[in-house]
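Colleague: Dropping a structure here in structure tokens format, bear with me for questions.
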Amino acid sequence: MRKLIIVLVAALLGLSPAMAQNEMDALRYSQIFPGGTARFNAMGGSFGALGGDFSTLSINPAGIGIYRSSEFTISPVLNYSAVESQYFNNWEEDMKYNFNLNNVGVVFAFPMGGAQNEDGWQFVNVGFGINRHNNFNNRWIAEGFNPYSSKMASLLQQAQSEGSVDNLDPFSTELAWETWLLGEDDDGFFADMLHGVDQRQETNTTGSVRELVLSMGANYNDRVYLGATVGFPSVSYEEESVFMEKDSEGTSEVFNSMTYSNRLKTTGSGYNFKFGAIVRLTDMIRIGGAFHTPTFYELTDRYSASMESDLNLDYDSQRATSPEGRFDYDLETPLKAIGSIGLVFGGSGAINVDYEYIDYTSARLRSSDYMFSDENSQIRNAFTEQHNVRVGGELNLNPLILRAGYGYYSNPYRSEINDAQRSVISAGLGIRDNDYFIDFSYAYSFYSEDYHLYLPDSDNPADYNLPGDSWHPPVTQRDFTASTFRLTFGWRF
């Protein structure tokens, strides 16, 4: 876990352009929480053996083979997210609303020649559109009094390791030097307020992963359904954070406060392939399987930082701004395998269970300008295999259809110290006619995750002349919840 903290903080401090990319970036864009239509999400995203919904093009493309008519869908979404953060026994909460278009897609069904009760290929179908996955829209606050360490202690340690003023990092320690937060004498660098400060961080994140899918599938004798998808996901992620420290107890003759702001914007796109099959063993029982290749991303990070100081010196507050940083790199996400079983009760309803396997230790960061040896090693050490289960069902009370589902995503971290397992509970209803349908869903997701604000220069309280043998690193526990409301409008033709 100590290594994980070091890499996380290196990314936050921006020690170099290459160090801004780390295992957390690999996880953020490798983990997919599927979006799409309201019907799909009302059933917990569990559709691997059922098919007949546009969202399955991103899960099991064999689902496109179930279609017997052409269809167009569009799904607007309202998302409300809230984050509770605990930092040194102080609780804070913030929230954010987001409106987006979660799905737009069309499927064209082409019946093959001959009567449908004859053996052979019944339909060949094609589809294309966009499914929006992963909601990165969050806003959170962490605030508390830290008696053990300060950001300035971390910046001082970094400056000492860099050795000289000419070698200070333009995104962190050079800003502290230019704002007089760091000084230098015959003994080297020095700083005030190495512990005992009020701290506050405000972070705002936005973005998603949108996937353009191009799919083709076929129906053989209404028993075997095959499909393939070429996916073109695009990444949009932006993070703005403001970290503040204040000498609230007036213990320093020089230091009053400091503010350190960071901005990161990641954009890029990639491609992947998905293959799937569904077999109707009996009129009731279906089994499905799908295989997803890695996604091969080309990503670009743009980032900048600024710092402002308030000191008891003979000048006003000082402010310094970094240059605009940019780094291009590649990300290869893990393979994914999905197995499914479904039960279809005629026109009365259906139940489906999906099992999904992903090994996050196989993700890799690559660049022609930087060797990600340490970061890829940390990916292997910090993460583990993930086992996800999604269960969903629907009950047809013609013309009303009731749906419910549950999704469980196991902890992707190897260490139990950071347990980020996630649950999604969902429900919904729909009305279907021969020519159109309207579906509504509500999904409630929740998980917890630790976040380290910075790397302290020591984990020993005695180094700060503090009593006691306990140690509390600058870590905030964040409890995430999100409520998502979806509407899907569909037309058959």
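What follows is calculated from the coordinates using simple rules that are stated; it is not laboratory data. Computed from a prediction, not measured in an experiment: that's the story for all the values here. As a convention, Cβ positions derive from the backbone with ideal geometry for all residues, glycine included, and neighbour counts pool all protein chains shown.
Colleague: Across the chain, how many lysine pairs, 8 or more apart or on two chains, come within less than 26 Å at their alpha-carbon atoms?
Modeller: Details: LYS3/LYS151; LYS3/LYS265; LYS96/LYS265; LYS151/LYS246; LYS151/LYS265; LYS274/LYS336.
Close lysine pairs found across the chain: 6.
Colleague: While we're on this one: Over the stretch 109-260, what is the relative contact order in whole percent, taking alpha-carbon pairs under 8 Å and six or more residues apart? Mind showing how you got there, number by number?
Modeller: Numbers: 285 pairs, mean separation 45.7, N = 152.
Once normalised by length, the contact order is 30 percent.
Colleague: Quick check: from the Cα gyration tensor, does the stretch 37-98 come out rounded (a/c under 1.5), prolate or oblate?
Modeller: Values: a/c = 5.39, a/b = 2.74, b/c = 1.97.
It comes out prolate by the Cα gyration axes.
Colleague: So, counting K/R as plus one and D/E as minus one, what does the shell of residues with Cβ under 10 Å around ALA176 add up to?
Modeller: Numbers: positive: LYS151; negative: ASP169, GLU174, GLU178.
So the surrounding residues net to -2.
Colleague: Kyte-Doolittle cut-off -1.0, length cut-off 15 Å along the helix's own axis using Cα: show which whole DSSP H helices in the chain pass. Don't jump to the answer; show the numbers that get you there.
Modeller: Working: long enough: 2-13 (17 Å, 2.32); 151-162 (16 Å, -0.53).
Going by DSSP H runs, the hits are 2-13, 151-162.
Colleague: Tell me, what HN-Hα J-couplings in whole Hz come from the Karplus equation 6.51 cos²θ - 1.76 cosθ + 1.60 at θ = phi - 60° for each residue of the stretch 473-488, using x for Gly and Pro?
Modeller: x, x, 10, 10, 8, 10, 10, 9, 9, 8, 10, 10, 10, 10, 10, 10
Colleague: Relative contact order of the stretch 2-492: what whole-number percent is it, with Cα pairs under 8 angstrom and at least 6 residues apart? If you can, show how the numbers build up before the last one.
Modeller: Numbers: 1462 pairs, mean separation 94.4, N = 491.
Contact order relative to length: 19 percent.
Colleague: Follow-up question, since we're still on this one. What order do you get for 49-56, 105-112 when each peptide is scored by the mean count of other beta carbon atoms within 10 Å, highest first? Before the final figure, lay out each step's value.
Modeller: On the way: 49-56: 28.4, 105-112: 17.8.
Descending packing order for the listed peptides: 49-56, 105-112.
Colleague: Mean residue ellipticity at 222 nm from the helices of the chain, using -39,500 (n - 2.57) per DSSP H segment of n ≥ 4 over the full residue count, to the nearest 500 deg cm²/dmol? The partial results should precede the final answer.
Modeller: Details: 6 runs with 53 residues, N = 493.
Rounded to the nearest 500, the figure is -3000 deg cm²/dmol.
Colleague: How high is the FRET efficiency from VAL389 to SER317, r the C-beta distance, R0 35 Å, rounded to 0.05?
Modeller: Working: r = 54 Å, r/R0 = 1.53.
Computed FRET efficiency for VAL389 and SER317: 0.05.
Colleague: Let me ask you something else. Using only alpha carbon positions, build the gyration tensor of the stretch 338-431, then give the equivalent ellipsoid semi-axes as the square roots of 5 times its eigenvalues, largest first, whole angstrom.
Modeller: Values: eigenvalues 312, 37, 26 Å².
They are 39, 14, 12 Å, listed largest first.
Colleague: Whole number please: convex hull volume per residue, Cα atoms of the stretch 2-492, in Å³.
Modeller: Numbers: hull volume 69.2 nm³, N = 491.
Each residue corresponds to 141 Å³ of Cα convex hull volume.
Colleague: Need one number for the stretch 264-345: average projected area of the convex hull over its C-alpha atoms, nm². Write down the numbers at each step before the final one.
Modeller: Numbers: hull surface 41.4 nm².
The directionally averaged projection comes out at 10.3 nm².
Colleague: Could you put SER426, SER317 in order, starting from the residue whose Cβ has the fewest other Cβ atoms within 10 Å? Mind showing how you got there, number by number?
Modeller: Numbers: SER426 26, SER317 15.
Final ranking by Cβ density, sparse to dense: SER317, SER426.
Colleague: Based on the alpha carbon coordinates of the stretch 254-311, what radius of gyration and maximum Cα-Cα distance (Dmax) apply, in Å?
Modeller: Every Cα atom of the stretch 254-311 included, Rg and Dmax give 25.3, 79 Å.
Colleague: Rg and Dmax of the stretch 98-228, Cα atoms, in Å?
Modeller: Cα radius of gyration and Dmax of the stretch 98-228 are 30.1, 93 Å respectively.
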